[in-house]
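Working notes, structure below.
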Amino acid sequence: MCAEASLPAIRLMVEMQNPAVEGCEKRSEPALPSHVETRDFSVFYRTNQAVKRVSLQMSAGRVTAIIGPSGCGKSTLLRAINRMNDLVPGCHTEGELLFGGQDLYSPDVDVVTLRRRVGMVFQKPNPFPKSIFDNVAYGPRLHGGVSRGGLAETVERSLVDAALWYEVKDRLHENALGLSGGQQQRLCIARALAVQPEILLMDEPTSALDPRATSRIEDLIAELKGHYTIIIVTHNMQQAARVSDYTAFMYEGNLVEFGATTQVFSTPRQKQTEDYITGRFG
Ligand SMILES: Nc1ncnc2c1ncn2[C@@H]1O[C@H](COP(=O)(O)OP(=O)(O)OP(=O)(O)O)[C@@H](O)[C@H]1O
Ligand SMILES: [Mg+2]
C-alpha cells in the first residue's frame, strides 16, 4: 500500500470483504490439519540468511498470504516449498519444512515428484511458446500415465478449473502467446492444475495484471480454495485481506506475526505489522 491508511479504515475494509466475520474474531470453523509446516526453518544464500528460523503452519485447503516489504524473504520461503532454491548455487537450509508430515529436505525426497505435488505460478505469466493445449498438456505428458483421450479431458478440466475454458475452447491449437496477460496467467494456473497438485504456490500472481484480470484471478483463488492448499505472496494488502484465511507478516527474514487474516489486519499484535499494513513503511 502506498498511501497510509488508518487501522479503523482497514478493519472496516476487512469486515466489508468478509461480512460473516465480526471484527477481530477468528473464524469459528476449525482449521484443517496443517499441510505445510516450518519448524525453525532458515534459508541461506551463502552467508546471507534470507529466512530466519521461521516456524509456522499452513492449513490444508486454506489460503495463506505472505506479506512484508521487499527483500524480507517472502519468495525465498515460498520457493523453499517446492525446493526451487536448490537450483541456486550456495543456497542451503536449516531446520525442518514438513509437507504432510514428511521433511521436504530429507535425502529420500524425490524432487520431481515433489514438484508435481506442489505447483507454482509466477509474477509474470510465463506460458511456453506452444499451443494453449500443449501448455496445459505439458505436465501430464511429462509425468506420463495419461492416455490420449484422457489428456484431452485433463486439459479441458484444468482450463475449466482455471476459469479459462469458455474463452479458449475454440482456439486450443493457437499459440498461447496470443492470449491477453490475464488469460496467460489463468493458462499458467491451468498448467499448474493439470498435474493435480496438492499445493499451489503463487508469487505475486496479479502484479502484472490490470484490475479486471486481477479480480478474475482473485475469484479463481476463492473457487480453488478447499480443493488446494494455496500460499500466495502479495504486496497488495487489500488482496491479502480479500483472498486469504491466514496471513504471515515477514520482516528482514523473520516471521513477525502469523494468524487469521481477520485478526492480523484488524488487531495486529505487533507494532511492526500495524505500521506495515497501514502503509507507514514498506
Ligand atoms: N537467487 C538469489 N541469490 C542470492 N540472494 C538472493 C537470491 N534470491 C533472493 N536473494 C536475497 O534473499 C533476500 C530475500 O529475497 P526474496 O526474493 O526472498 O525477497 P522478497 O520478500 O520476495 O522480496 P520482493 O518483495 O522484492 O520480491 C534478499 O536479501 C535477496 O537479495
Ligand atoms: Mg519476491
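The values are calculated or read from the model by the stated rules, or taken from the named source; none is laboratory data. The structure presented is a predicted model; accordingly, all values stated were derived computationally and were not measured. Neighbour counts run over all protein chains shown; Cβ positions are idealised from the backbone, glycine included. Calculation scope for accessible area: heavy atoms of the full protein, side chains included, ligands and nucleic acids excluded. Shrake-Rupley method; radii C 1.70, N 1.55, O 1.52, S 1.80 Å.
Each Lys and Arg adds +1 at its Cβ and each Asp and Glu adds -1 at its Cβ; summed about the Cα centre, the chain shows a dipole of about 420 debye.
Can you pull out the trypsin sites (Lys or Arg not before Pro) in the range 122-170 whose DSSP state is coil and whose Cβ has at most 15 other Cβ atoms within 10 Å? Here the trypsin sites (Lys or Arg not before Pro) that fit, given the DSSP loop and packing criteria, are K130, K169.
State whether the range 149-216 is rounded, prolate or oblate according to the following rule on the C-alpha gyration tensor (a ≥ b ≥ c being the square roots of its eigenvalues): a/c under 1.5 gives rounded; otherwise a/b larger than b/c gives prolate, and the remaining case gives oblate. Verdict is oblate for the range 149-216. Enumerate the lysines that K130 could reach by cross-link, defined here as Cα to Cα under 24 Å, with residues fewer than 8 away along the same chain left out. Counting by Cα, and skipping residues close in sequence, K130 has these lysines nearby: K169. The protection proxy used here, the mean number of other Cβ atoms lying within 10 Å of each residue, ranks peptides 105-115, 242-252 as follows, highest first: 242-252, 105-115.
With protein chains left intact and a 1.4 Å probe, residues in the chain average 46 Å² of accessible area per residue. Label reach from R157 (point 7 Å along Cα→C-beta): in the range 116-130, amide nitrogens under 19 Å belong to 116-120.
Solvent-accessible area of the chain (1.4 angstrom probe, protein heavy atoms only): carbon and sulfur portion equals 49 percent. With springs connecting C-alpha atoms under 10 Å apart, model the chain as a Gaussian network and identify which of L193, L179, L159 has the largest mean-square fluctuation. Among L193, L179, L159, the largest GNM mean-square fluctuation belongs to L179. Of the peptides 48-57, 66-75, the order by per-residue mean of other Cβ atoms within 10 Å, starting with the highest, comes out as 66-75, 48-57. Taking the chain as a Gaussian network of alpha-carbon nodes connected by springs under 10 Å, the highest mean-square fluctuation of the residues S266, S158, S215 belongs to S215. Note on the chain: with a GNM built from Cα contacts shorter than 10 Å, the maximum mean-square fluctuation among E198, E37, E167 falls on E167.
Computed as a quarter of the hull surface, the mean projected area of the alpha carbon convex hull for the chain stands at 15.1 nm².
Counting Lys and Arg as +1 and Asp and Glu as -1 over every other residue whose Cβ lies under 11 Å from the Cβ of Y105, the net charge comes to -4.
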